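Right, one structure below, let's go through it.
The values are calculated or read from the model by the stated rules, or taken from the named source; none is laboratory data. Here the structure is a predicted model, which is why all the values come from computation and not from measurement. We place every Cβ from the backbone using ideal geometry, glycine too, and count neighbours over all the protein chains shown. Areas reflect the complete protein model, heavy atoms only, side chains present, ligands, DNA and RNA absent. Shrake-Rupley method; radii C 1.70, N 1.55, O 1.52, S 1.80 Å.
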Amino acid sequence: MISREIYLSSRPNGKPTLQDFGIRATEIPEVSAGQVVIRNLFLSVDPGWRLLFNDEGIYDEQLLASHHVTPPVLGLGDCIPGFTLGEVIASRNQKFPLGAIVIHQQGWQEYSHLDDATKFAPMATIDPHCSLPLSYYLGPLGQNGFTAWLGLLDIGNIKESDTVFISAASGATGHLAGQIAKLCGAARVIGSTSAASNASKLREIGFDVVIDRRGGNIASKLSSAAPDGIDLYFDGVGGEHLAAALRCLKPGGRAILSGAITSYNDPRPHRELIGVPELPVIMKGLTIRGFRVFENMHHWEAFAKEMTKWLSSNEIQAEETVYHNITSAPQAFVDLFTDGAKFGKSIVKL
Ligand SMILES: NC(=O)c1ccc[n+]([C@@H]2O[C@H](COP(=O)([O-])OP(=O)(O)OC[C@H]3O[C@@H](n4cnc5c(N)ncnc54)[C@H](OP(=O)(O)O)[C@@H]3O)[C@@H](O)[C@H]2O)c1
């Protein structure tokens with residue numbers, strides 16, 4: 001059986017381009033004991049993978065190995081890894097019978113040949129009784145939903161009456177975070193985006209105010225949106241957004257750092273990047289806390305239960321931008337870093 005896969009053909013210099021990716025055909029071998037072949041149905045497209053494309057690792061390798069997640073640096077020619085959902089079509093593994101729907105991290109391939117001891121990730125089986133779309137398991141019921149839920153409820157300790165600011169609000173995580181914040185009783189939810197069309201959609205799903213991140217000046221836009229200050233900042237962006245939020249946070253406020261998309265395409269080594277204004281943090285006694293989902297898996301069950309309920313009752317709208325065919329995966333990835341090019345979770349349907 002022949003399968004096509006997308007690989008890293010050159011290391012991006014700054015923003016990724018289509019030329020940084022290649023496509024090739026591979027032969028999928030027969031299964032031996034313990035192995036399965038999966039026909040992939042949906043590929044997840046995530047900005048964090050950009051960090052793997054540099055030749056400098058930023059993650060702690062031992063930590064990653066202990067959590068069974070992807071390697072810190074991709075080699076040229078390596079298939080792009082990532083959360084991938086598919087159906088088992090050949091199996092010599094009782095844990096993953098024919099027809100099972102599974103998630104793995106083998107990445108941007110039409111078919112994946114693997115066993116459950118693969119170094120990339122433990123595979124997870126999907127609840128066959130769930131009536132929600134399968135693609136949701138890569139977004140709202142996957143790591144994006146978990147990041148939003150965990151960041152607000154556990155790490156950020158959201159409270160009723162909080163004024164909350166969410167950057168990358170139109171993204172896979174941000175648009176869910178805004179809705180979760182409202183469900184938790186937040187008094188005011190503010191988001192930022194680069195596109196007028198995305199701003200309208202954010203208002204439709206419950207954001208109270210949306211600021212335009214184009215042209216910078218985030219600090220003054222944020223203080224107009226929250227004249228009394230903010231209580232909680234949910235950060236997926238870093239840089240100017242984080243500096244503005246720290247200045248706008250009320251005394252005792254909390255900044256929750258889930259990502260830093262502004263630095264992902266910065267060609268300087270990460271150790272050379274300089275930080276954020278420290279005086280507001282000291283003078284106002286702020287808490288800044290970063291987190292990664294894979295260190296918090298003990299909360300997964302509680303998250304999945306609550307998110308399934310919210311999605312099933314339409315209390316949360318899950319938005320997707322869907323690309324078709326494996327050949328569109330590089331474009332989907334480039335679009336993550338292109339102002340206003342997408343809304344919600346970017347997904348490739350095979
Ligand atoms: N800690 C964790 O375990 C974890 C898990 C998942 C995600 N994350 C992080 O969370 C963040 C969001 O991820 P996601 O998958 O939700 O994102 P996404 O779907 O890729 O959306 C991100 C959005 O950010 C905006 N954006 C792009 N470049 C930007 C820039 N330079 N400055 C400001 N905004 C920019 C764009 O929206 P507009 O053009 O509409 O503004 C884009 O649609 C990322 O930093 C990601 O790495 C962390």
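A few notes on this one:
- Across the chain, the mean sequence separation of Cα contacts (distance under 8 Å, 6 or more residues apart), normalised by length, yields a relative contact order of 18 percent.
- Ordering of 338-344, 25-31 by burial proxy (mean other Cβ atoms within 10 Å per residue, highest first): 338-344, 25-31
- Only protein atoms count toward the accessible area here, which uses a 1.4 Å probe; on the chain, the carbon and sulfur part of that area reaches 51 percent.
- Packing, as the average of other Cβ atoms within 10 Å across residues, places the peptides 17-24, 243-250 in the order 243-250, 17-24, highest first.
- Lysines whose Cα lies under 18 Å from that of LYS201, excluding same-chain neighbours fewer than 8 positions away: LYS182, LYS342, LYS345
- Cα-based reach from LYS159 at 18 Å (exclusive), listing aspartates and glutamates while leaving out same-chain residues under 8 positions away: ASP208, ASP228, ASP231, ASP235, GLU306
- Segment 193-350, relative contact order in percent, only Cα pairs under 8 angstrom and at least six apart counted: 18
- Total charge dipole magnitude, the chain, about the Cα centre, Cβ charges on Lys, Arg, Asp, Glu only, Debye to nearest 20: 540
- Helical contribution to [θ] at 222 nm, DSSP H n ≥ 4, -39,500 (n - 2.57), averaged over the chain, rounded to 500: -6000 deg cm²/dmol
- Once Rg and the Kirkwood radius are both taken over the C-alpha atoms of segment 143-294, their ratio Rg/Rh works out to 0.93.
- Computed over the chain, the ratio Rg/Rh where both radii use C-alpha atoms and Rh is Kirkwood: 0.97
- Only Lys, Arg (+1) and Asp, Glu (-1) charged, at Cβ; segment 143-294 dipole about Cα centre in debye: 60
- Solvent-accessible area per residue, Å², over segment 143-294 with all protein chains present [probe radius 1.4 Å]: 40
- Degrees, to the nearest 10: 239-248 long Cα axis against longest axis of the chain: 40
- Partner aspartates and glutamates for LYS305 [C-alpha distance under 18 Å; skip if fewer than 8 residues away on the same chain]: ASP127, ASP154, GLU315
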